[in-house]
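Q: Sharing a structure with you now.
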Amino acid sequence: MTTLVPGRVIFMNIPWHDDSKISVLAVYSLNALKDIKDFWKSITDQTSTNPQLKPNVVLGDFNLVEDAIDRIPCRQDDHQATENLRDFRSKFNLINGWRKANPDEKGYSWLRELDGTQSRIDRIYINKKFFDSCGEWKIEPAPIPTDHDLVSARISSPTAPKIGRGRWAIPTRLIKNRTIKAEIQKLGCELERRMGNITLNDLNQNNPQVLLRDFKTRVREMVRCHEKRIQPMIKMKIVKLSEKLSQITNNPTSHLMRSKYSPPKSNKKRKSNA
C-alpha cells in the first residue's frame, strides 16, 4: 500500500487470481471546488511518473460528477475540475462502470436532507479490459448509518475459471425465523431421544451416524420447504420496491414536486367539535 495524499488517496496492490494482482486507487476527494481542480492534477502527475502506481480500479467519494444527469437538480460541475478528472481517466483507460452498464438510468449515492438534492458522487472506475468480466453494478442502502449509499460491483479476473453456485447452505436469515427454529429444536429433541434408546443390537441399522444423517436431511428439506414459500414473497417485494424507486428516480417531475420527508395528505375529513 502506498499513500499518495494522507487521509485522501491510497494505492493498493492486491494478490488476485493465480500470480496476478489487481491495483486499486481509493479516493476521498476534497470538497472545495478550487481544491478539486489541483487535486486531480496532482494525482495524475504522481501516478503518471511512477509506473508502479498504474491503477486497474479507482473508487471512492469523488465530490463531483462528470455529467449533469448524475445530479438532482441537474447541473454541470466545474468544467476545469471535470476535465482534470477525465484526463486522469484517459491516461489509465478507465471507464465509469455503473454508467456503462446503465447508460440511460439515473441513480444517486448521496442525499442532502436539508433540501433533497442528490448526486452520484460515489463511483467505481474500471479499466476497459476488465469491464466484460464485471457485473452486479449496484447502488443500494449501506448497512451502517450514513448519508451515502453503498456502491458495489463484482470484479472477476478475465483468466479466472468459471465457478458454480457451490454447496447449498441454510441462509442465515432463515435460522432467525422462529417457526424454523422451533422445528429444528423439535427434530433435535427427537434425535436425542432416538440416540438415547439405541442398544447394541440396533447398531447395524440404527447407529448414531445414520440417525445424524437422517436428522440433517430432514432439517435441510424442512428449511427448503420454508424457503420456497417465503423467498418468492421477499423477492416480489424487492422487485416492486426497486421498480418504484427506479420510476421515482427517473421521473424528476414527480420526484421534485414533493419532499421525500413530507407526509402524505389525508383524505379524511376532520371531525367537528360542535
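The values are calculated or read from the model by the stated rules, or taken from the named source; none is laboratory data. Keep in mind that what you see is a predicted model, and the values were worked out from it rather than measured. In this analysis, Cβ positions are derived from the backbone assuming ideal geometry, glycine residues included, and neighbour counts consider all displayed protein chains.
For (1) within 25 Å of Ala169 (Cα to Cα); (2) in contact with a His (Cβ under 6 Å, 6 or more places away or on another chain); (3) modelled with pLDDT under 85; (4) surrounded by 15 or more Cβ atoms within 10 Å (Cβ to Cβ), each residue gets a yes or a no:
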{"residue": "Lys186", "(1), (2), (3), (4)": "yes, no, no, no"}
{"residue": "Cys189", "(1), (2), (3), (4)": "yes, no, no, no"}
{"residue": "Ile198", "(1), (2), (3), (4)": "no, no, yes, no"}
{"residue": "Leu203", "(1), (2), (3), (4)": "no, no, yes, no"}
{"residue": "Leu211", "(1), (2), (3), (4)": "yes, no, no, yes"}
{"residue": "Arg218", "(1), (2), (3), (4)": "yes, no, no, yes"}
{"residue": "Val223", "(1), (2), (3), (4)": "yes, no, no, yes"}
{"residue": "Lys228", "(1), (2), (3), (4)": "yes, no, yes, no"}
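Q: I would also like to ask the following. Identify, by number, the condition in (1) surrounded by fewer than 17 Cβ atoms within 10 Å (Cβ to Cβ); (2) modelled with pLDDT under 90; (3) charged (D, E, K, R); (4) over 19 Å from Lys138 (Cβ atoms) that Asp104 doesn't meet.
A: Looking at each condition in turn, Asp104 falls short on (4).
Q: Which one is surrounded by the most Cβ atoms within 10 Å (Cβ to Cβ), of the residues in the stretch 16-57 that are under 18 Å from Arg89 (Cβ atoms) and of a type in the set (Lys, Arg)?
A: Lys37
Q: Another question, if that's okay. Tell me whether the stretch 57-64 contains one or more residues that are assigned to a helix (DSSP H, G or I), modelled with pLDDT of 90 or more and not basic (Lys, Arg). Break it down into steps so the answer makes sense when it comes.
A: Taking the stretch 57-64 as the starting set, the residues that turn out to be assigned to a helix (DSSP H, G or I) are none.
Looking for residues that are assigned to a helix (DSSP H, G or I), modelled with pLDDT of 90 or more and not basic (Lys, Arg), one finds none in the stretch 57-64, hence no.
Q: So how many residues does the stretch 230-253 have that are surrounded by 10 or more Cβ atoms within 10 Å (Cβ to Cβ) and over 30 Å from Thr117 (Cβ atoms)? Lay out the reasoning, then the answer.
A: At the first step, the residues of the stretch 230-253 found to be surrounded by 10 or more Cβ atoms within 10 Å (Cβ to Cβ) are 230-232, 234-252.
Within this subset, residues satisfying the condition of being over 30 Å from Thr117 (Cβ atoms) are 230-232, 234-236.
Qualifying residue count, the stretch 230-253: 6.
Q: Taking the residues in the stretch 225-241 that are free of Cβ contacts under 8 Å to residues at least 24 places away in the same chain and under 24 Å from Ala182 (Cβ atoms) as candidates, determine which candidate is nearest to the chain's Cα centre (by Cα). Write out each step before concluding.
A: Taking the stretch 225-241 first, the residues free of Cβ contacts under 8 Å to residues at least 24 places away in the same chain are 225, 228-229, 231-241.
In the following step, the residues that additionally are under 24 Å from Ala182 (Cβ atoms) were identified as 225, 228-229, 231-234.
Numbers: Cys225: 28, Lys228: 25, Arg229: 26, Gln231: 20, Pro232: 21, Met233: 22, Ile234: 18 Å.
In this case the residue turns out to be Ile234.
Q: Take the conditions modelled with pLDDT under 90 and under 26 Å from Gly107 (Cβ atoms) and apply them to Asn31. Does it pass?
A: Working: modelled with pLDDT under 90: yes; under 26 Å from Gly107 (Cβ atoms): yes.
Yes: the conditions hold for Asn31.
Q: Taking the stretch 26-56 on its own, how many of its residues are assigned to a helix (DSSP H, G or I) and in contact with a strand residue (DSSP E or B) (Cβ under 7 Å, 6 or more places away or on another chain)? Step through it out loud before you land on a result.
A: Our first condition is that a residue be assigned to a helix (DSSP H, G or I); within the stretch 26-56, this holds for 33-49, 51-53.
Retained after the next criterion (residues that are in contact with a strand residue (DSSP E or B) (Cβ under 7 Å, 6 or more places away or on another chain)): 43, 46, 53.
The qualifying residues number 3.
Q: Mind checking which pairs have a first residue in the stretch 1-25 that is part of a strand (DSSP E or B) and a second that is among the charged types (D, E, K, R), Cβ under 8 Å, 6 or more apart or different chains?
A: Correct list of pairs: Asn13/Lys21; Ile14/Lys21; Pro15/Lys21; Ser23/Lys54.
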